[in-house]
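The structure appears right after this line, and notes come after that.
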Amino acid sequence: MSHPTNEISDATYAELEQIAARYPEARSGLLPMLHLVQSAQGRITPEGIEACADILGISAADVSGVATFYTMYKRKPVGDYHVGVCTNTLCAVMGGDEIFARLKDHLDVGNDETTADGKVTLEHLECNAACDYAPVVMVNWEFMDNQTPQSAVELVDDLRAGREVTSTRGPRICTWREAERVLAGFPDGRVDEGPAAGPASLVGLGIARERGWSAPSSDEGEPAATGSTADTKTEAVAQADTSRAESETVEEKTE
Ligand code: FES
């Protein structure tokens, strides 16, 4: 087997080929291939780009264009733990900005920088799609919900000390390189650790069930409830307004 450089190992090159072979159009495998490069080399290297281009029969510029477009691909070495603090609007006002400032100070790093011991890379992220648990921190893409500046400091201290850390949703935190291997499509057997959705994410579903609301049938392209879509929407809005008014009344009574 030939490959463009000796810096990508034969084993990694073979796994890159294996990923490309999963797809009818080999080029569709580029995203997981880049995750594998990160797993093997700790970042997107020029050698990794060349290997992907070689296997897919495209130019290095094509690969580089993808690798520089998505923020999950890193051109600088990443530490053992990528700690992402959400500073998007909701998390920011709930304490995300304060958490990020505290961690920068505590770790003595700026945004997208790694601690001197190579353990933690700190980055601010824009919405982790977990707004119902704001403010949210992610470690190697596992959720740490409802954080505070103090809990975030304890989190990074535990990670740097090598103590086992679990996501607030269950799974043990692995290293960034291990997580990148999973993103490349090589499961680590931990997929069933922890719940798929927490209570805060299911509140809306509970309300819908309580009130008998359901989504339109996808088979028929018609709303499941009787009446037109407009009527159904109007009814849902009216019910939501009633619900809001009821909860405001309850709040007033409890104040
Ligand atoms: S705003 Fe932070 S997870 Fe959405």
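The values are calculated or read from the model by the stated rules, or taken from the named source; none is laboratory data. Computed from a predicted model, the values in this text were never measured in an experiment. Please note: Cβ atoms are built from the backbone with ideal geometry, for glycine as well, and neighbour counts cover all protein chains shown.
Tell me, yes or no, whether the range 153-172 has at least one residue that is within 16 Å of the ligand (Cβ to nearest atom), of a type in the set (D, E, K, R) and exposed (fewer than 14 other Cβ atoms within 10 Å of the Cβ).
Scanning the range 153-172, I find no residue that is within 16 Å of the ligand (Cβ to nearest atom), of a type in the set (D, E, K, R) and exposed (fewer than 14 other Cβ atoms within 10 Å of the Cβ), so the answer is no.
So which of PRO24, PRO32 is surrounded by fewer than 18 Cβ atoms within 10 Å (Cβ to Cβ) and not assigned by TED's automatic domain parsing to the domain that holds VAL153?
Every option except PRO24 fails the conditions.
Checking ALA134 against (1) over 20 Å from ILE99 (Cα atoms); (2) buried (at least 17 other Cβ atoms within 10 Å of the Cβ); (3) of a type in the set (Gly, Ala, Ser), which single condition isn't satisfied?
Going through (1) over 20 Å from ILE99 (Cα atoms); (2) buried (at least 17 other Cβ atoms within 10 Å of the Cβ); (3) of a type in the set (Gly, Ala, Ser) one by one, ALA134 breaks only (1).
If a residue must be polar (S, T, N, Q), modelled with pLDDT of 95 or more and in a loop (DSSP other than H, G, I, E, B), how many such residues does the range 60-89 contain?
The number of residues fulfilling the criteria is 2.
State all residues of the range 174-220 that are touching a strand residue (DSSP E or B) at 6+ places or on another chain (Cβ under 9 Å) and assigned to a loop (DSSP other than H, G, I, E, B); if no residue qualifies, say none.
CYS174, THR175, ARG190, GLU193, GLY194, GLY198, PRO216 - these are the residues of the range 174-220 that are touching a strand residue (DSSP E or B) at 6+ places or on another chain (Cβ under 9 Å) and assigned to a loop (DSSP other than H, G, I, E, B).
Does THR87 satisfy the condition of being within 16 Å of the ligand (Cβ to nearest atom), farther than 24 Å from ASP117 by Cβ and out of contact with any Cys (no Cβ under 8 Å at 6 or more places or on another chain)?
When the stated conditions are applied, THR87 passes them.
State all residues of the range 94-116 that are in a helix (DSSP H, G or I) and more than 9 Å from the ligand (Cβ to nearest atom); if no residue qualifies, say none.
GLY95, ASP97, GLU98, ILE99, PHE100, ALA101, ARG102, LEU103, LYS104, ASP105, HIS106, LEU107
Condition first: hydroxyl-bearing (Ser, Thr, Tyr), closer than 22 Å to ASN140 by Cα and either modelled with pLDDT under 95 or in a helix (DSSP H, G or I) (or both). Now tell me which residues in the range 1-51 satisfy that.
THR12, SER39
Here are some conditions: (1) among the hydrophobic types (A, V, I, L, M, F, W, C); (2) more than 16 Å from the ligand (Cβ to nearest atom); (3) in contact with a Gly (Cβ under 6 Å, 6 or more places away or on another chain). LEU125 meets all but one. Which one does it not meet?
(2)
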